[in-house]
Amino acid sequence: MDIRADLTDLIPYSAGKSVAGAIKLSSNENPLGPSPKALEAIRQALNSIALYPDGRALELCNALAEKMGLSTDQIVIGNGSDELLVLTAQAYIQPGFNAVASESTFSEYTFGVRLAGGTLKKAPLKDGFFDLEALAALIDDKTRIVYLCNPNNPTGTYFTATQLDTFLKKVTQDVLIVLDEAYIDYVDEVDFPHSLEVLARDSRILITRTFSKIYGLAALRVGAAFASPTIISHLLTVKQPFNSGTLSIKAATAALGDSEYWNESRTTNREQRKLLQAALRERGLPFYPSQANFVCFDTSRDASELFHNLQKLGVSIRPLASFGLPTWIRVTVGTKEQNQAFLLALDKALSL
Ligand SMILES: *Cc1c(COP(=O)(O)O)cnc(C)c1O
């Protein structure tokens, strides 16, 4: 049995490594663990697991609608935002059509588009930032989607509201613009785009958010997409009937309401990100300014070897060869103790 001929060069996803006993700073999870409110919601819901979940996840949609100032028909819940990204391609891409994205960004965009039989056109980064002009120039009459990750994984860099407005003016009407905002909760810069306001005036926008990062529920696989009711109806057309489980929906709804946990997660990240960046500066290691919960830096050597040595020293990070940055590393901002352990291990590994 052969795989589809057009997929023979597709490589299965390689996740951030998890090693028993090692500190995991490889997948940008919340180092504080889950919200206690989410855990309690799961305990309360345990008896209901013999029944199918609500395939529309209305409880969570309604909570999000209220919080974001949207209507419920502008929201769909996914099995992680990964699923929603793949669904955008399922709904709009077919052989002969393409999508546009940056180089050195999240791999799920390519995955979904290739599965749908389309191709991905990529523009290089400019000094670690998205080159929105180059991205706009790649759009042709066969382009159906542009994927923009803001802040970007793995660089942590962002584009501003003004840059987005300029970009939108250059894009024709029938192109979906996906804003993947997995890390928006960590952003401090005031010129970051208010994407919900952009969505209110521009029906080409689809925003994805996730419960895997600041909401601390990566194992439960919950993401959300916000868009016009028409676009949401298209995603519902291609979505599996029961794509997110009851425990996941209940936990996400509870976590969404736990502002104390959200604030603490955000504050811890802001303080520790600053310290981590200062420590990299001290060591003369170039890094991109991060608005996310990770920092991306250049080691000027083969980062996969460094990755193996750090792993032996008990810390797991993400080497970025698969993102086209073979000498760079992405490290999640952990707790104070985790970051100190990481820096100690880094010093040792760099002197080997
Ligand atoms: C982590 C991440 C996501 C979230 O994926 P889930 O499927 O929701 O866990 C989405 N986009 C980017 C860029 C990410 O880094």
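Just a few scattered comments:
- Other residues with beta-carbon under 11 Å from the beta-carbon of ILE249 carry, at +1 per Lys or Arg and -1 per Asp or Glu, a net charge of +1.
- The label point for THR335 and the one for GLU282, both projected 7 Å from the Cα toward the Cβ, are 2.1 nm apart.
- Counting all C-alpha pairs of segment 40-168, share separated by more than 21 Å (%): 54
- Taking the average, over residues, of other Cβ atoms within 10 Å as the packing measure, peptides 119-127, 41-49 rank 119-127, 41-49 from highest down.
- The packing ranking, built from the mean of other Cβ atoms within 10 Å per residue, places the peptides 27-36, 6-15 in the order 27-36, 6-15, highest first.
- The fraction of Cα-Cα pairs per 10 angstrom bin, counted from 0 for segment 1-65, comes to 13, 23, 25, 29, 9 percent, rounded to whole percents.
- Mean projected area (nm²) of the alpha-carbon convex hull when segment 95-144 is viewed from all directions: 3.2
- Segment 69-129 - Rg over Rh from alpha carbon coordinates, Kirkwood radius: 1.06
- Assigned charges on the beta-carbon of Lys, Arg, Asp, Glu; the chain dipole about Cα centre (debye): 540
- For segment 103-166: relative contact order, % (alpha-carbon pairs under 8 angstrom, 6 or more apart): 37
- Share of Cα-Cα pairs in the chain lying beyond 29 Å, as whole percent: 40
- Whole-number percent relative contact order across segment 233-352, with pairs defined as alpha carbons under 8 Å at least 6 apart: 21
- Surface analysis of segment 1-157 yields an accessible area of 48 Å² per residue, using protein heavy atoms and a 1.4 Å probe.
- Expressed per residue, the C-alpha convex hull volume of segment 205-336 stands at 162 Å³.
- Charge-dipole axis of the chain as Lys and Arg at +1 and Asp and Glu at -1 on Cβ define it, positive-most pick from LEU306, ILE232, VAL86: LEU306
- Taking a point 7 Å from the Cα of ALA134 along the Cα-to-Cβ direction, the residues of segment 103-128 with backbone N closer than 18 Å to it are 103-107, 110, 120-128.
- Computed over protein heavy atoms with a 1.4 Å probe, the carbon and sulfur contribution to the accessible area of the chain reaches 54%.
- Spatial separation of Cα centroids for segment 67-91 and segment 93-172, in angstrom: 18
The values are calculated or read from the model by the stated rules, or taken from the named source; none is laboratory data. Computed from a prediction, not measured in an experiment: that's the story for all the values here. Heads up, the Cβs are rebuilt from the backbone with ideal geometry, glycines too, and the neighbour counts pull from every protein chain shown. For the accessible areas, the whole protein counts, side chains as well, though only heavy atoms, and no ligand, DNA or RNA atoms are used. Shrake-Rupley method; radii C 1.70, N 1.55, O 1.52, S 1.80 Å.
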